[in-house]
Amino acid sequence: MDVRRAFVFFREDGGWPGKALVGMLLYGIPAAIWSRFGFEGSGSDPASSVDALDLLWSGVPTVLALLATGGYQMRVTRRVAERRDVPLPAWDVVGDLVIDGLRLIGVTAGWLVAVGVVVGCPALAVVVATAAASEGRAPDWPDLGGGGWLVPPLLNALGSTAFGIILAAAVGRAAIARSVRAGLDVAGTLRTVRDRFGAHLAASAIVAGFGFATSVVSAFPPVSLFADGWGWVPLTGASAAASLYACVVTGHLYGQLYVLSHGEAVVARLGARPLWMGGSTA
């Protein structure tokens, strides 16, 4: 897996600034709406608070923008795996972007619930057992002692890691097959992970780190920016840029993982090797 290329490949597309601007505008819609509401709603004036009508009209563009940007990540993944990673996909056929965004949400939500149930139920049982044993209400239960409270966070860490690894494979499968069912195919997804476990672990760690960095950029701008009440403007720009970059890098990594896990059969349909596997631009 060529991690470095995932971070820099977009520069080979001469039109990347324009495509990046479109993506930042789309990412900026929900960021601007909610950042602005956050500043207005944080004041002491009741009139400045956000009412139901504000939430209603702002919800539609927010949802559409998030679906479109999620769909763009799927489009990047598909381009890396099935064709070429450059040039970057265009922001066209908005309906397809929205549908791909729905696929991404469906696959993510499905695996989130599955992993949550597998990890959450034992964690909840441990919490209940530990609390009951410590209060002497369940003498027949094993005494987990003080160490019992360490089990839920450990299970949470394990579940989060497993979710990230599985999602890297599931999203790639859904993007290539254009199907939520392919992404939620438990046996197929786990086989994909098994074939390249180390690569999926590395990719999930990079994506998690990117998510943390994006949160930091969005949540901790200089305090001086808020002095005149327009702090949401640079906050929105920084958040949109970081989110778009994370989207493109994540999409590229997931596309690479799909090809690495499924071998040259996918590339053979294209008649050429992708650039990140040593292909040429000819």
*asked:* Between Arg178 and Val118, what is the label-point separation in nm under the 7 Å Cα-to-beta-carbon projection?
replied: 3.0
*asked:* Can you compute the FRET efficiency between Thr161 and Arg11 using 1/(1 + (r/R0)^6), with r the Cβ-Cβ distance and R0 = 25 Å? Round to the nearest 0.05.
replied: 0.20
*Rounded to the nearest 0.05, what FRET efficiency is calculated for Asp2 and Ala125 with R0 set to 41 Å and r the Cβ-Cβ distance?*
0.40
*Tell me the label-point distance for the pair Leu190, Ala109, using the 7 Å Cα-to-Cβ offset, in nm and rounded to one decimal.*
2.5
*Going by C-beta contacts inside 10 Å, put Leu102, Leu235, Leu155 in order with the fewest on the left.*
Leu102, Leu155, Leu235
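Computed from the coordinates by the stated procedures, all read-outs in this text should not be read as laboratory data. Given the structure is predicted, the values throughout are model-derived calculations rather than measurements. Note: ideal-geometry Cβ built from the backbone for every residue, glycine included; neighbour counts use all protein chains shown.
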